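Comments concern the structure below.
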Amino acid sequence: MPEKTQKKPSRIQQRNRRLILDAALEVFSRHGFRGATLDQIAAEAGLSKPNILYYFDGKEDIHLTLLSQLMENWLDPLVEMNPAGDPVKEILAYVQRKLNMARELPRESRLFAGEILQGAPRIRPELEHHLKPLFDEKCALIARWVDEGRLPPLDPRHLIFSIWATTQHYADFESQVSLLMDAADDTYASAARHLETMFTRLLTA
């Protein structure tokens, strides 16, 4: 007896899933996982709560779906660091890619930060099986560049942590940044200049 093929979701179903996930991203990034409710997500999406539960098993299912979708995009900037490239240029390009991500995906950044602050209860397997091997690989690459004399002595792990801290700050603390910056300033343009200067000095000391 032939196996039944899974029916492809209709356009309306695809649209509703996108609506729900976008609404949930807004709610989770604003209230965190614990503070978010299905009622808030339904109101943000313009759908009923039963409609939300038709597509997802509950709040945790929606949250995990968003985190799983985010991980590939989150890792891409580090994946792109080229072992054959110039070390300083490759690291500075990584800084810029991370800053671009903070500018373009601030809600996703806050979603990820919120999960990590809770101890990564839902995404720990993704971190262990995807982020950790990639992190170790790029740390080994940077360590090799140091050993070859192409970079000054530094700890690759803390270098990457510093890049994350200084770029993701602009998304995760967006309300504070916007309050403290002059409204006439282009925050991300000035941040890019500052971070390039700061990391260039570190990498060429």
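The values are calculated or read from the model by the stated rules, or taken from the named source; none is laboratory data. Worth saying up front: this structure is predicted, and the values here are computed from it rather than measured. Because the Cβ atoms are built from the backbone with ideal geometry, glycine has one as well, and the counts that use them run over all protein chains shown.
Taking every residue in segment 177-189 that is aliphatic (A, V, I, L, M) and pairing it with any residue that is modelled with pLDDT of 85 or more, at least 6 positions away or on another chain, the pairs with Cβ-Cβ distances below 6 Å are Val177/Tyr170; Met181/Thr187. Does Ser29 satisfy being of a type outside the set (Phe, Trp, Tyr), crowded, with 20+ Cβ neighbours inside 10 Å and either at pLDDT below 95 or farther than 27 Å from Glu104 by Cβ (or both)? Yes. Look at segment 65-84 and say how many of its residues are at pLDDT 90 or above and surrounded by fewer than 18 Cβ atoms within 10 Å (Cβ to Cβ). The qualifying residues number 8.
With respect to the conditions (1) in contact with an Asp or Glu (Cβ under 7 Å, 6 or more places away or on another chain); (2) assigned by TED's automatic domain parsing to the domain that holds Tyr94, Pro77 lacks only one, and its number is (1). Counting the residues of segment 130-157 that are assigned to a helix (DSSP H, G or I), in contact with a helix residue (DSSP H, G or I) (Cβ under 8 Å, 6 or more places away or on another chain) and charged (D, E, K, R) gives 2. Among the residues of this structure, Leu92 does not count as one that is part of a helix (DSSP H, G or I) and either surrounded by fewer than 14 Cβ atoms within 10 Å (Cβ to Cβ) or modelled with pLDDT under 95 (or both). A search for C-beta distances below 6 Å between a residue of segment 29-43 that is part of a helix (DSSP H, G or I) and any residue that is of a type in the set (Asp, Glu), counting only pairs 6+ apart in sequence or on different chains, returns nothing. Applying the condition of being within 18 Å of Leu105 (Cβ to Cβ) and of a type in the set (A, V, I, L, M) to segment 162-188 and asking which residue is surrounded by the fewest Cβ atoms within 10 Å (Cβ to Cβ) yields Ala165. Only one of (1) at pLDDT 95 or above; (2) farther than 17 Å from Pro83 by Cβ; (3) of a type in the set (Gly, Ala, Ser) is not met by Gly114, so which one is it? So Gly114 meets the others, but not (1).
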